[in-house]
Structures are given as C-alpha cells and as structure tokens.
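The values are calculated or read from the model by the stated rules, or taken from the named source; none is laboratory data. Small disclaimer: the values here were computed from a predicted structure and weren't measured. All Cβ positions, glycine included, derive from the backbone under ideal geometry; neighbour counts span all protein chains shown. These accessible areas exclude ligands, DNA and RNA; they are computed on the full protein's heavy atoms, side chains included. Shrake-Rupley method; radii C 1.70, N 1.55, O 1.52, S 1.80 Å.
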There are 4 protein chains.
Amino acid sequence: MEKTVLIDCEDSTGLIYKISKIFFENGLNVEKNDEFVEKEKNRFFMRTEISGEADFELMEKLLRRDLPKDANLRIIEKGRKKKVLLFATKESHCLGDILIRYYSGELDIELLGVVANHDTLQPLVEKFNLPFYLVSAEGLSREEHEQKVIDLTLGLNPDLLVLAKYMRILTPNFVSHFDGKIVNIHHSFLPAFIGANPYKQAYERGVKIIGATAHFVNNHLDEGPIIAQDVVKVDHSYGWEELRNLGRDIEKIVLAKAITLAVEDRIFVYDNKTVIF
Amino acid sequence: MEKTVLIDCEDSTGLIYKISKIFFENGLNVEKNDEFVEKEKNRFFMRTEISGEADFELMEKLLRRDLPKDANLRIIEKGRKKKVLLFATKESHCLGDILIRYYSGELDIELLGVVANHDTLQPLVEKFNLPFYLVSAEGLSREEHEQKVIDLTLGLNPDLLVLAKYMRILTPNFVSHFDGKIVNIHHSFLPAFIGANPYKQAYERGVKIIGATAHFVNNHLDEGPIIAQDVVKVDHSYGWEELRNLGRDIEKIVLAKAITLAVEDRIFVYDNKTVIF
Amino acid sequence: MEKTVLIDCEDSTGLIYKISKIFFENGLNVEKNDEFVEKEKNRFFMRTEISGEADFELMEKLLRRDLPKDANLRIIEKGRKKKVLLFATKESHCLGDILIRYYSGELDIELLGVVANHDTLQPLVEKFNLPFYLVSAEGLSREEHEQKVIDLTLGLNPDLLVLAKYMRILTPNFVSHFDGKIVNIHHSFLPAFIGANPYKQAYERGVKIIGATAHFVNNHLDEGPIIAQDVVKVDHSYGWEELRNLGRDIEKIVLAKAITLAVEDRIFVYDNKTVIF
Amino acid sequence: MEKTVLIDCEDSTGLIYKISKIFFENGLNVEKNDEFVEKEKNRFFMRTEISGEADFELMEKLLRRDLPKDANLRIIEKGRKKKVLLFATKESHCLGDILIRYYSGELDIELLGVVANHDTLQPLVEKFNLPFYLVSAEGLSREEHEQKVIDLTLGLNPDLLVLAKYMRILTPNFVSHFDGKIVNIHHSFLPAFIGANPYKQAYERGVKIIGATAHFVNNHLDEGPIIAQDVVKVDHSYGWEELRNLGRDIEKIVLAKAITLAVEDRIFVYDNKTVIF
C-alpha cells in the first residue's frame, strides 16, 4: 500500500527524527521525502511517500501524539484518482488542452465534467463523452446564478475545481464552500496587470515579456497563493491580440502543471504562499 | 562612410519607396534595413544602415522634403563612440559588470566616469582608471544635491546617462535636462512590484518567477518606456536575500543589453513604448 | 486584394528601391515589410505583405525583369487556407494539440485528415470529424508501405505535411516528392541526442535542460533546416519518463509554432538554414 | 558550530531514520535537509546542514557504523572559505565576472590567484591585487607545460580549480591530480557542438537557441558531469560573432552558478551525473 503524508507545523528540533522513526517502526519504506523549513516563519513542511503493509491508523495516532498541536497532517492514499470538475466559459484553449491530456491518460484524474455559463464549448466537451453542465446566467442575479453553480458542484463533490478560463468572478460565499480546492489560471504574470484584459494592459505598457499565473482562489481577486507561473518574450511587433494568442499557450501549460501538482498532493499553502515538492 | 538613419512618422503609402529612392539616387548602399508599422497608431518606424560616399546634407534635405512634416529624422555617424556617464550608489554588481565589459572592449563606448552619492565604489572605479565624481548628499537638500549633479553632468555632456543602481529618485527637473537619454535598471519585472524593495515584495507574494527591467526614465517613477526585461524561475526555497542575489544577475544582463541597444541607436520611443530593431 | 511576396536572391545595391518602386507604381500598399541580408553569403531576403487592386501579373513580370536571374520569387494570395495533412503513429499529445487549435479556429488551415500507421489515434481523429487514413505497415516492405503513403498523399495534394510524432523514417524517395513541404517535430534539442530515444539519452547524460526542435525534413535524418526550438530546465530528480512527459509540452508548442510560421508563409530556407520573419 | 553532512550510498529501508537519529541523539539541530533516491540505480543521496555543540568525531563514527559499507560520507565545516584557483587564457568575460563577484563579497571564497598561459589578462587580475601566475607554453612540449602547471597548482593546494575560458586541453595526468575538483565552462549547450568553435558550429547549423554548460572535468573531453546549463533564444539575424558575444553572457552566469554550488558543497557526483541540492 502506498500513501503520501503531508505535514506542516511549527519547526522544532528532532522533527525529522520523530517522524521517520514512526515510519521505520511501523515497517514502512520511505520512497520519496522532501522537507523545507521556512526560516522567517519557523515553519516546517514535510512530504513523504511511503509504502508497505502497516497499521496506518496507529501510524496516524503516533504522528498526532508526537507532532506539535498545531500540525496539519494529511495522509492520502496513492492511486485513488482525484475527482476534478472543470469550469469554462467560451474559450477552448485551456479546456481543450485538459481534455486531450485526460484522453491520452497523461492526467491521472477522474473528470466529472464541465460547468459552463455559455453553451459554446458543449460540442467540444461532448466529443469526449463528458457531462456538460450548462448553468446560464441569463435572467438570474449574480447570487442566484452562483447558488445554482454551488448546488451543482456540491452535488458532484469534486476534490478539485479547475477554472479553465471561467469568466465569472466568484464571491466569498462560493470560495468558502470549496476553500483551498479551486485552481484558477490568470492570463497575466501576476501581480502585474491584475484585473480585466491584461493583454491589452501589457500591450499598452509595452512590456517585453508576458506570462500566466495559476493560483488557488481566495477571497481577494487575483491574490490567492501562486502555484505556477511562466513567461515568454515578446517585442514591439506584437499587437494585443497576438499577445493574447501567445499568452494562451503559456496559460494552458501553466494550468496543466498546476493541476498535476494539485492532484499529486505536492502543494502546501501557508500564509498565502505555496510550498511545492 | 557609414551612417544610421532613423525615421518615425505617420504612416502613408510609398514611404519605403520614397526613402529607398533617396538612398539609391545618392549612391548609398543599404547595409541593413528594418521597418515596422504600428497599425493601431498608424505610425511608421524605419532604421537603415547605409554606406557609401555621398552628399549627406543633400540626402537629409531630400528626406525632409519628402517625409511627412511630423517626421522624426535622426542621421547618426557610425563609429563615433557614445559618451556614457554612469551613476551608482553602493551596489557593485551592475557597475562592475559594465566596467568589465568596457575593459574587454565589449561595450563600444567612451566612458566618462562614475557619479556617486557615496564613496563605497570609488576603489572599484579607480581600478579602471576612470574618474569617480563623488557628490555627497550630506547636509544638502534634495534640490541642492540634484542641482550639483545636474551641473556636473551638463559639464561632461554625455550622450547617455546610465543609472547602474543609483538609489536616488530623480526630479522632473533632472529628467527635463536629459530627456530620452537616461537608462535605469529596475530590480523587478515591471509593472509588478513598483517602488521600494521589490525582492521583499516578491518574496511576500510568493511569486515563482522574478525579473528585472531596463527602461528610459521619464517623470513618472518606474513608468518610463521599457527597453529590455528578463526573468528567472524561483521556488519557495528562496528567501528574499536569495531572490535579490539571483535578481542581480538578471539586472546586470538586462542593463548591459539596454546600454548596447541605446549606443547602437536601435531604439525608438513613441507613446511611452519602445520599438527596437 | 492581399498578397504576400517573398524574394530571396543574391544581394546587390538598390534591391529595396527597385522592389518598392514596383509596388508603388502599381498602386500597392505595403502593409508589412521585412528584409534581411545574410552578409556571409551575400544573400538578400525580403518578405512583403501588400494590398490593393493591381495587375499582379504585370507586377510579377516587372519583378522578374528587375531582380537577379537567380532570384526565388513567391507571390502568395493571402486568405487562401493552406491544405495540411497530418501524420501520426500512436502518441496523441502533438496531434491532439493541433486538433484543438484547429477546432478553436486558432490554426487557420484546411485540415485534410490524418495518415497513420496504427489505428490507435483513430477514435481521437474521428471525434473531430476528420478523415483517418490508416496505412498499416504489416506484411509490407518498407518501400511498399511508403509507396502507399506517397500515393495517398499525392492524391490529397497537401500544401504542408506535418509529422506529428510519425515514427517512421522517410526515405529520400518520399522526401523528393514533397521537398520543402514536410515539417517534423524532433523530441530533442537538436543537434544534441540525434536518433532514437533522446529522453533516455538526455537522462543518461544528466543534462539540466531538455528541448524540442521543429524542422523541415530533408534527406539527412534530423538534419533538416531548423524552424523553431524551445527548452525547459530540469534537474536530477527527473527520471527519463518524466523528461519525456515534460518534453511533450515543449514538442507540442514548438510544432504548433512551426506550423503557424509555415502556413503564414514566413519561412525562407537557404543553405540548410531558415530565415523567418 | 555548523557543519554540512553529505552522504551517498546504496538505498535501503530506514536510512533517514538512522541518520536523523544520530543527529538527534547528539543534540544537533537540522537546519536544512535534502534527500533524493535515484530509483534506477537504487542510490540514496542526503545533504544535511546541522548546527549545535556536539562531539563530531563520535557522530562520524556512529554514521560510519550505521551506514552501508560503500557509503561516501563528507562532513564539512561551514564557514571555512574554499580556496579557489582560476585558470584563464585571453578572454576576460568569465574571469572578470568572477573577479567582480569576489570583490563585492558575493562569492564567499578565498581566491588564490589566476594561472594563465598568456599575459593578456595580467593587468586585469592585478587591478584586484591577486597573484597572476603566467606559465607560458612557448618552447615547451605539452607535457612539460602541463607539468609546470601541475606543480604550481599542487603548491597552492586549492579546493577548487575553475577553468574560466582556459583554452588548453587537460591530460588525464592533470585530471588525476585534481579529480572532482575541476570546474569548466563549455561554450555550448552540451552535448551539442562538442569541440572547437561551437558558436561557428551553431551558426552553420542554424539553431534557434544557444547555451552554455558548466561541468566537472574528467578524462573525456566535454563529457564530465554537468553542473549547470542555460540557454538564450536567437534567430537568423545573428552572425556567429554575435552568437559568441551573446553566449558570453550565458557562460559567465552559468560558471558563477556552478562555482557557488561547488563551494557551498551542494553537489554529488555519481555515475557521471550530478545530484544538486
């Protein structure tokens, strides 16, 4: 049996020893191990992939006994596919990229389907025999629309919500239901060009590099913990539509990377930042 | 004889023809030629390296006759070294890099010396037998200090002022004296992290990429036309000092690139953006 | 009417003037213009996008009259979609990426279908309502199989052949039928790791960067003119399968870029190298 | 007291536990810890920064008792500056960059001086008040010249030899004297363009990216374990001298990075590859 153990807590002497002792005395092999201490905040992060036959309940009890009270402990079975729900609006580049990766087996997930506020992408999604949940906002208040999306999502019970160019701003109410589970792709190299139409902003500013940012969504627009970023160089010859087209390639690569990191349980979030092993 | 001709003006039909006709009929070879039309603003940019024996005064008159009234025309003799004045404070990485490039002949400039508000870098500068102009700000108002620097600079009459980590904010008065001639290196990937201590800001924000920006200085702090940018990937394990150290490598490369572009007369500035051939 | 004119020939004085004169006197607007002179080989390259109502036959005759005898002249109507034929084997990442870009309208081409030597990708291709031409190599000699592929391709008459992970080595006979029209993606940063299993080679060598190369196919395996390359940094923690997975993202981006450059008529090939505007 | 402990050995169950137990029971704090298991070769690598007052001799004995017989164990005092000897010929970009970093305190090393086979760089080195050891090859056989360099180097007893564009090929005899201690910068993205004049080779091949590689020197030219690599994008407009000039920036950054990794004891070498923490 294989499990991934993620621990973060206040740092103190002997933590690695105490934790590895519990693994060892329960007959578990350490397949992969990473630690990091954030010195400024005195915070310890450890991610360990273990294998072997063991009493995992006992192991968990011993870890809780020996770790500091404030410790966050996650013990996750490897091999169980994460249930992922996609959200999209009209643009196909990120969604299509995820669908192809899913189709080819590159993304080791269970795809629950796609929630959208427009029907533009329905034909694409149905090519892949996946449910397409159209929740049109027409005639609804923002709250009403969002409540329908929340209800639908709660019913599907995803492990991860991926906003693949979902052009609706989520309220704190939405976020509170799925805290730490929502990944967004922002079409810009945050924190530059926060907000609408960043490629137009980038064009106006005359930047020589554009980028994209995948981040967890929190209650502050475009300010959640950053998971992955990438950039590409540009010059004066790019109009803003060309910047946008070029940006789409970065967006899809960065979003796919963030999804992979999330479903492989590689990400810690602490103090609005990520630690990623 | 070799000259570089830079033209920017409102776009209209036949500009390339009219200009190349003048070069051809004056017996000039086109060694290198670049044009660009900024469609959104209907602006034409052309940079041509020409060679040959010709009546350049006549050529200029013909160009002025046939180009639109608003045209900016620069005709620059190749081979005359640009006079460059450096400005620094205490940090040596950009200054040292420029000095080594100058020493090795890589930067084809005439270095007038270094202006500094501290004496920290004096021993380094003097190793290279260059004048070190110490203008201490001690006991002076900001205006008094800046006036001394302006007077000194006017006396040296540089073609280009390079702020190689000069930690003083320039007033509009200063800028107005050397408009379009001041290159600064900003220790950040603008427009992210404007202002003080950007590496600390980047660390706090948890970005996965840091960068640097070389730009012309205008009257809006950190908002002048961008000349060059570059970035490097980072992760959670970098403390802010490490981000700063890593950033220094980018800063010096980006600043050296901007200086080269400027002294080779490759940069147009229009509408707070650069066109670079 | 809009056309793209591509000229390459021996360099001589006044070429730009002569060419722009013909455009001007035929009442054509120059929308975009790029030139380059390869000094070492004294070769002139020019690509111009022109618009306007004109006698294009006359224009072509004038160009041929005034250009050197050895000049290559291509005058291409803008707006006519290039006919593209894809070739694949079993891997879906490049093929799927092209299909999604085609579906979203990002690739402005007419897709003739997919030729494959295995049926693995048939379901994927048929999702997009495109012809899937299975030419199995079973029971055939290499020559027999290739002849069937040549006959099929000749019948479809594509402007461009894209090898999207087509794992068959093409003979000079094949190449001679479609010279200059075949784009391949090589899963390596050429000229490093020529030949089979480059990610395994890269792993064994312990490189810190991997890459991919799109190139035109000539008669020397992996040695055709390079169109586009990109790379990504790696470290010791990547096993060779991980290098391969990471490489797939680069492969698809680089191949899509090469296709775009080819169908937009931006590429010159000369002396086994490309000049790209 | 602070030490860095580096262990590599065959992997087996409980290694982290056994090692961290020894640290813990000797009252040592783990400041930073990294492990990696190379699955294909079943090799365990661990680097730990420890602090505290302890009987380090006892700690080492316990480690040797509990680790596999084949284990490589290095226990290095932090704070002792590494003695570094530079080797150069005529080019100043890498040497100058190291000198400036040394001058500014960025490189935390003791610089023993510069060995050169030409006197070109003597004035530069002497600006920094460092010994310049000229060992001219004139009138000497290759063996005689190298023996003089070996003798000189042995007398200076450096921890690290840095070939900063030293254009002499080292014999196995030289390497055997300083095995694992020689860092070279290769002006190419290895394994592409092995051997002489790689920028000319890159130009002829028409690559779209150039790079540089820092590696340990072994007895096979350009085939030692790779420490660091970086690249930059280029296009058809770069002549080979421009490729070389651009390459110099990458060379100096990559070499400085490799030096830093080496003097901070972050590098393991195993099976001609590096593991770097």
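Data overview
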item: In region D:111-125, the residues that are within 14 Å of chain B (Cβ to nearest Cβ) and either assigned to a loop (DSSP other than H, G, I, E, B) or free of Cβ contacts under 8 Å to residues at least 24 places away in the same chain (or both); result: D:T120, D:L121, D:Q122, D:P123
item: Matching residues in region D:244-275 - criterion: being part of a strand (DSSP E or B), open to solvent by less than 30 Å² (accessible area, probe 1.4 Å) and of a type in the set (A, V, I, L, M); result: D:I267, D:V275
item: Matching residues in region A:174-184 - criterion: being assigned to a helix (DSSP H, G or I) and open to solvent by 70 Å² or more (accessible area, probe 1.4 Å); result: A:S176, A:H177
item: Exclusive hit being in the same structural domain as B:L163 (by TED's automatic domain parsing) and either hydroxyl-bearing (S, T, Y) or in contact with a strand residue (DSSP E or B) (Cβ under 9 Å, 6 or more places away or on another chain) (or both), set B:D11, B:D108; result: B:D108
item: Residue within region A:199-212 that is within 23 Å of D:V234 (Cα to Cα) and free of Cβ contacts under 8 Å to residues at least 12 places away in the same chain present; result: no
item: Looking only at region C:8-38, and only at residues there that are in a helix (DSSP H, G or I) and among the charged types (D, E, K, R), the one that is nearest to the other protein chains (Cβ to nearest Cβ); result: C:K21
item: Residue list for region A:29-49, filter: more than 24 Å from A:L261 (Cα to Cα) and buried (at least 16 other Cβ atoms within 10 Å of the Cβ); result: none
item: Criterion (touching a Cys at 6+ places or on another chain (Cβ under 7 Å) and surrounded by 13 or more Cβ atoms within 10 Å (Cβ to Cβ)) met by exactly one of C:A164, C:A116, C:A137; result: C:A164
item: Of all residues making up region D:201-243, the number that are part of a loop (DSSP other than H, G, I, E, B) and either at the interface with chain C (Cβ under 8 Å from one of its Cβ atoms) or hydroxyl-bearing (S, T, Y) (or both); result: 9
item: Residue in region B:142-158 that is under 19 Å from the mean Cα position of the chain (by Cα) and assigned to a loop (DSSP other than H, G, I, E, B) present; result: yes
item: Some residue of region B:198-207 being in contact with a helix residue (DSSP H, G or I) (Cβ under 7 Å, 6 or more places away or on another chain) and at pLDDT 95 or above; result: no
item: Residues (crowded, with 19+ Cβ neighbours inside 10 Å and part of a strand (DSSP E or B)) located in region D:50-69; result: D:I50
item: Selection status of B:E91, closer than 30 Å to D:K90 by Cα, touching a residue at least 24 places away in the same chain (Cβ under 8 Å), of a type outside the set (V, I, T) and assigned to a loop (DSSP other than H, G, I, E, B); result: yes
item: Residues of region C:162-188 that turn out to be under 27 Å from C:V232 (Cβ atoms) and modelled with pLDDT of 95 or more, as a count; result: 9
item: D:F128, sole failed condition from (1) in contact (Cβ under 8 Å) with a residue 24 or more places away in the chain; (2) surrounded by 14 or more Cβ atoms within 10 Å (Cβ to Cβ); (3) more than 10 Å from chain B (Cβ to nearest Cβ); result: (3)
item: Options D:L261, D:L246: the member that is more than 10 Å from every other protein chain (Cβ to nearest Cβ) and touching a strand residue (DSSP E or B) at 6+ places or on another chain (Cβ under 7 Å); result: D:L261
item: Residue among A:E223, A:E204, A:E251, A:E264 that alone is acidic (D, E) and under 11 Å from the mean Cα position of the chain (by Cα); result: A:E264
item: Residue under evaluation A:P158, criteria (1) farther than 23 Å from A:A212 by Cα; (2) touching a Pro at 6+ places or on another chain (Cβ under 9 Å); (3) away from chain C (no Cβ under 14 Å); (4) crowded, with 18+ Cβ neighbours inside 10 Å, criterion not met; result: (2)
item: Test: D:P191 is closer than 17 Å to C:A192 by Cβ, within 14 Å of chain C (Cβ to nearest Cβ) and either open to solvent by 30 Å² or more (accessible area, probe 1.4 Å) or at pLDDT 95 or above (or both); result: yes
item: Candidate set from region B:84-104 (those that are open to solvent by 50 Å² or more (accessible area, probe 1.4 Å) and more than 9 Å from every other protein chain (Cβ to nearest Cβ)); member that is nearest to B:H145 (Cα to Cα); result: B:K90
item: Filter result for A:G79 (under 21 Å from C:F128 (Cα atoms), away from chain C (no Cβ under 14 Å) and touching a residue at least 40 places away in the same chain (Cβ under 8 Å)); result: no
item: Subset of region A:1-47 that is of a type in the set (G, A, S) and closer than 15 Å to A:L67 by Cβ - its residue that is modelled with the highest pLDDT; result: A:S20
item: Count of region D:242-263 residues which are more than 19 Å from D:I100 (Cβ to Cβ) and without any contact (Cβ under 8 Å) to a residue 12 or more places away in the chain; result: 1
